[in-house]
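Each remark here refers to the structure printed beneath this line.
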């Protein structure tokens, strides 16, 4: 029989869990609304907002733009971030710590300040509304996540394995390809996933450097919320919610399986 | 580290902030060699005749591409903001004088800090018991609790704010329920309480994750020791456990406070003319009024406030619990 404080704690945690998850669930019923309105409660039932998302060029192009930018960012930021993680963890402790502190500053700079700065630079260099512009800004924002993920793997990586491999005559590249990389791969892959999500969800900088010709999905969602009460945003929200949940559940299950073996 | 006291603690913050790591850390815990072994490895590697190839000085160059991206996409743009705040339209501190002399701006600045404080407090009250529960429940329950934190953490902030628009609007969920049970509807959207509620929910994972990562490392045998020496459960908890968990609390509080100060999307969508925060004011100056100097000055105020707070909080966030765990 659990004690009274334990029951109280359990109830409180249930409330917090509901606060964390439940508000977001409200987008699901709204996405099947029969009326073109975001007023609660939804009336009737229809799939039209999902149809609209997959057929309206505004939504499909912004979705594919986000996908393209996020994939490029995932690749570029993962390569640059992994290199940096090696540099940071193999440099002298002092320099490494300093570089690390420097490289994760994008995480703490207020978004709007960064956005107006990048917007000013892009206006001068004609990068507003270009894929290059988005990729550059998002790569900068994603590098800290890759750096941290890969560094966590490097911390538990036993460097004697490299010594062993090179003592057996393997060249530097062979050592990296056949020993180091396979062992730190989980870190590199989760870094790539972080980079992808960082770019795919990024909105503040995107709002400034967007143009009518190049919108990303979060910008399209934002403008749709501010302009009219179109339930298509609820349909997009539902799809994103499902995708995010599936990825995280898969990750947790994968982690559990590895823990067992 | 002496040169950058401000950003160093964020490094220890960053791993809980990137929550995949949280689960990944847990996956990897079994494979982690203990510290002594790792120290031995470092010595071995340093003295090995086979590994002189990647010398520390050479390794530093591997960070060059990342540093370059940061210079181009972070340092240069911020430099432009600072420069324009002192030079647009004329060289001098006119923009700052304007900012601090205007009553509207001072109100907004004050409101931004007050909102950040409320959000931090609300997050702390929700997060501390939740994080504690995460450390004492069984494995499956813990996975469920982690899932409840990670899904909102990784879900797009715009979508979560959209959910709050649907909930709080005049024809929203909360007001329909109130009308349904015969109460008069309340005005929630475009009010300050609405903004605080929405921001608290959006930022809550940023408080839970650092607190949990510190609590996970606290040795509960210390509590048993206190109990065996005659301390009551509450006293043992308050005098032993709470102080040991404080680095996580400080880390969570500072990250939530800083993110609140610069929050833009949620206040912009949930707020109204009487609940404008500093970020919206900056955006308005630059995009609507094309006044780069004034917008820049506001941005610099925000930036300076952020880094001053980090510098003040840095020493509080160092994790002391590890040393006490060793002693235990």
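The values are calculated or read from the model by the stated rules, or taken from the named source; none is laboratory data. Fair warning: this is a prediction, and the values are worked out from it, not measured in the lab. Every residue, glycine as well, gets a Cβ built from its backbone with ideal geometry; the counts of neighbours run over all protein chains shown.
Would you point out which residue out of A:26, A:43 is at negative phi and more than 9 Å from chain B (Cβ to nearest Cβ)?
After ruling out the rest, the residue left standing is A:43.
Output the number of residues of the range B:261-283 satisfying the condition of being assigned to a loop (DSSP other than H, G, I, E, B) and either out of contact with any helix residue (DSSP H, G or I) (no Cβ under 7 Å at 6 or more places or on another chain) or closer than 16 Å to residue B:167 by Cα (or both).
Residues in the range B:261-283 being assigned to a loop (DSSP other than H, G, I, E, B) and either out of contact with any helix residue (DSSP H, G or I) (no Cβ under 7 Å at 6 or more places or on another chain) or closer than 16 Å to residue B:167 by Cα (or both): 2 in total.
Please find, within the range A:217-236, the residue that is surrounded by the most Cβ atoms within 10 Å (Cβ to Cβ) out of those that are more than 19 Å from residue B:287 (Cα to Cα) and under 18 Å from the mean Cα position of the chain (by Cα).
Going through the qualifying residues, I end up with A:236.
Just checking, does the range A:239-247 include any residue being in a helix (DSSP H, G or I), surrounded by fewer than 20 Cβ atoms within 10 Å (Cβ to Cβ) and facing another protein chain (nearest Cβ under 7 Å)?
Among the residues of the range A:239-247, at least one is in a helix (DSSP H, G or I), surrounded by fewer than 20 Cβ atoms within 10 Å (Cβ to Cβ) and facing another protein chain (nearest Cβ under 7 Å), which makes the answer yes.
Surrounded by fewer than 16 Cβ atoms within 10 Å (Cβ to Cβ), in contact (Cβ under 8 Å) with a residue 40 or more places away in the chain and closer than 30 Å to residue B:286 by Cα: is that true of residue A:211 in this structure?
Here the answer is yes, as residue A:211 does meet what is asked.
Could you list, in sequence order, the residues of the range A:65-113 that are without any contact (Cβ under 8 Å) to a residue 40 or more places away in the chain, more than 7 Å from chain B (Cβ to nearest Cβ) and under 18 Å from residue A:196 (Cβ atoms)?
Of everything in the range A:65-113, just one residue is without any contact (Cβ under 8 Å) to a residue 40 or more places away in the chain, more than 7 Å from chain B (Cβ to nearest Cβ) and under 18 Å from residue A:196 (Cβ atoms), namely A:79.
Specify which of the listed residues (A:121, A:146) is without any contact (Cβ under 8 Å) to a residue 60 or more places away in the chain, within 30 Å of residue B:309 (Cβ to Cβ), within 10 Å of chain B (Cβ to nearest Cβ) and not in a loop (DSSP other than H, G, I, E, B).
Just one listed residue meets the conditions, A:121.
List every residue pair whose Cβ atoms sit under 6 Å apart, with the two residues 6 or more apart in sequence or on different chains, where the first one lies in the range B:136-160 and is facing another protein chain (nearest Cβ under 7 Å) and the second, anywhere, is not in a helix (DSSP H, G or I).
Short answer, once both residue conditions are applied: B:150/B:19; B:158/A:203.
From the list B:148, B:123, exactly one residue is surrounded by 18 or more Cβ atoms within 10 Å (Cβ to Cβ), touching a helix residue (DSSP H, G or I) at 6+ places or on another chain (Cβ under 6 Å) and under 18 Å from residue B:257 (Cα atoms). Which is it?
B:123
Determine which single condition residue B:85 fails, assuming it passes every other condition in (1) within 22 Å of residue B:260 (Cα to Cα); (2) surrounded by 13 or more Cβ atoms within 10 Å (Cβ to Cβ).
(1)
Looking at the range B:266-279, which of its residues are at the interface with another protein chain (Cβ under 8 Å from one of its Cβ atoms) and surrounded by fewer than 24 Cβ atoms within 10 Å (Cβ to Cβ)?
Across the range B:266-279, the qualifying residue is only B:269.
Listed here are the residues, each with its yes/no results for (1) surrounded by 15 or more Cβ atoms within 10 Å (Cβ to Cβ); (2) part of a helix (DSSP H, G or I).
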site: A:33; (1), (2): yes, no
site: A:41; (1), (2): no, no
site: A:51; (1), (2): no, yes
site: A:66; (1), (2): yes, yes
site: A:77; (1), (2): yes, yes
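Restricting attention to the range B:72-103, which residues are part of a loop (DSSP other than H, G, I, E, B) and under 16 Å from residue B:282 (Cβ atoms)?
B:88, B:102
Please go through the range A:92-124 and pick out each residue that is modelled with pLDDT under 90 and surrounded by 24 or more Cβ atoms within 10 Å (Cβ to Cβ).
A:100
Among all residue pairs at least 6 apart or on different chains, which show Cβ distances below 6 Å where the first residue, located in the range A:165-179, is within 9 Å of another protein chain (Cβ to nearest Cβ) and the second is loosely packed, with under 14 Cβ neighbours inside 10 Å and not in a helix (DSSP H, G or I)?
A:172/B:53
Determine if the range A:125-137 includes at least one residue that is touching a strand residue (DSSP E or B) at 6+ places or on another chain (Cβ under 8 Å), surrounded by fewer than 16 Cβ atoms within 10 Å (Cβ to Cβ) and more than 7 Å from chain B (Cβ to nearest Cβ).
Yes, some residue in the range A:125-137 is touching a strand residue (DSSP E or B) at 6+ places or on another chain (Cβ under 8 Å), surrounded by fewer than 16 Cβ atoms within 10 Å (Cβ to Cβ) and more than 7 Å from chain B (Cβ to nearest Cβ).
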